[in-house]
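Reviewing the structure listed below.
The values are calculated or read from the model by the stated rules, or taken from the named source; none is laboratory data. Being a predicted model, the structure only gives us computed values, none of them experimental. Quick reminder, even Gly has a Cβ in these numbers, built from the backbone with ideal geometry, and neighbours come from all protein chains shown. Note: areas computed on protein heavy atoms with side chains; ligands, DNA, RNA excluded. Shrake-Rupley method; radii C 1.70, N 1.55, O 1.52, S 1.80 Å.
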Amino acid sequence: FIDIDKTVSFLESHTSFRFSDSLSIIFAEGNEVSNKLHKTYLSHYDKLYLCMDFDLGGLTIANNLMSLLPDMEIIFLVPEDIALRLDNIVEKVSNKVIDAVIKLGQANSSLLPYAKLIKDKQKVLEQESYLHGK
């Protein structure tokens, strides 16, 4: 499980995210967070910052939340050096995954830059890797 203090510190130093005393942190079990049963609860927030895996699953969850809460500002947090991090990944993803990522990016312009990067690099990574250097 991720160390929340290290994660917040990482996000503040590698993304546009800034900690606030009024911040609530929600740990989700995959796509379960985008279940429509959570809509009322999530609607109480002004903004959602998403720290998801940088892969098809993470983009899918972000897309589902954006669809569930279309009027909310939702920010998909990705380290500024994500391209370099992807360069250090050895294993490439399948063409089937790339096709699904691109399809998702074409359907949601907010996620298109991330989908293009996954396509260009043909790689993905888990959010947990953020805490273990490049």
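The helix-based estimate of mean residue ellipticity at 222 nm for the chain, built from -39,500 (n - 2.57) per DSSP H run of four or more residues and divided by its residue count, is -12500 deg cm²/dmol to the nearest 500.
For Phe76, the solvent-accessible surface computed with a 1.4 Å probe is close to 10 Å², ligands and nucleic acids excluded. Reported value for the chain: 110 Å³ per residue, from the convex hull of its C-alpha atoms. The accessible surface of the range 29-134, taken with every protein chain in place and a 1.4 Å probe, is 50 percent carbon and sulfur.
Couplings 3J(HN,Hα) for the range 21-37, derived from phi with the Karplus relation 6.51 cos²θ - 1.76 cosθ + 1.60 (θ = phi - 60°), are 5, 8, 6, 10, 10, 10, 8, 10, 9, x, 6, 4, 5, 8, 4, 4, 5 Hz, where x marks Gly and Pro. Excluding same-chain neighbours fewer than eight residues apart, the lysines reachable from Lys92 by a Cα-Cα span under 24 Å are Lys103, Lys116, Lys119, Lys121, Lys123, Lys134.
Over the range 94-134, the fraction of Cα-Cα pairs per 10 Å bin, rounded to whole percents and listed from the shortest bin up, is 30, 46, 23, 1.
At full extension, Lys6 and Asp46 could sit 12.0 nm farther apart than now, given 0.36 nm per residue minus the alpha carbon distance. Averaged over residues, the count of other Cβ atoms within 10 Å places the peptides 103-110, 116-123 in the sequence 116-123, 103-110, highest first. Just Ile89, Ile25, Ile61 to compare: in a GNM of the chain, with alpha carbon springs under 10 Å, which one fluctuates most? Maximum fluctuation in the GNM of the chain, among the listed residues, is at Ile25. Projecting the Cα positions of Cys51, Ala83, Thr40 onto the charge dipole of the chain (unit charges on Cβ atoms of Lys, Arg, Asp and Glu, taken about the Cα centre) puts Ala83 furthest along the positive direction.
Taking only the alpha carbons of the range 56-134, we obtain Rg and Dmax values of 12.7, 38 Å in that order.
Of all the options Ala115, Ala62, Ala100, the one that moves most in a Gaussian network model of the chain with Cα springs shorter than 10 angstrom is Ala100. What the chain shows is 62 Å² of accessible area per residue, with the surface traced by a 1.4 Å probe over protein heavy atoms.
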